Amino acid sequence: MTKQTKILSGVLAGVALGAVVAIVLSSDKNSDMKSKINDWFCDLFDKSKDKLANVADMVKEKADKLKA
C-alpha cells in the first residue's frame, strides 16, 4: 500500500468511527439503532484483533527466519 492509500484509509476509518460515535451518543437508550451499532462495532473490533494477531504472527515468523 502506498503512503497516500494508508492516509486515506485512516481518514475514512476515523470518519466512520466518528459517525458511529455521534449516532450512539445522539440516539435514545431504547433505540434499536444503538444496539445494531454496538454489535457492528464489536464485530469490527473482533476482526481488527484477528488481523493484528495475524500480523504479529507474520512478524514473528520473519524475525525467526532472520535469526536462523
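When you check Met1 against the structure, is it at pLDDT below 75, among the aliphatic types (A, V, I, L, M) and either assigned to a helix (DSSP H, G or I) or surrounded by 10 or more Cβ atoms within 10 Å (Cβ to Cβ) (or both), yes or no?
So Met1 does not fit the description; no.
Could you list, in sequence order, all residues of the range 4-28 that are in a helix (DSSP H, G or I), modelled with pLDDT under 85 and over 16 Å from Trp40 (Cα atoms)?
Passing the criteria: Gln4, Thr5, Lys6, Ile7, Leu8, Ser9, Gly10, Ser26.
The values are calculated or read from the model by the stated rules, or taken from the named source; none is laboratory data. Everything numeric here is computed off the predicted structure, so don't read it as measured data. Here the Cβ is made from the backbone with ideal geometry for all residues, glycine too, and neighbour counts use every protein chain on show.
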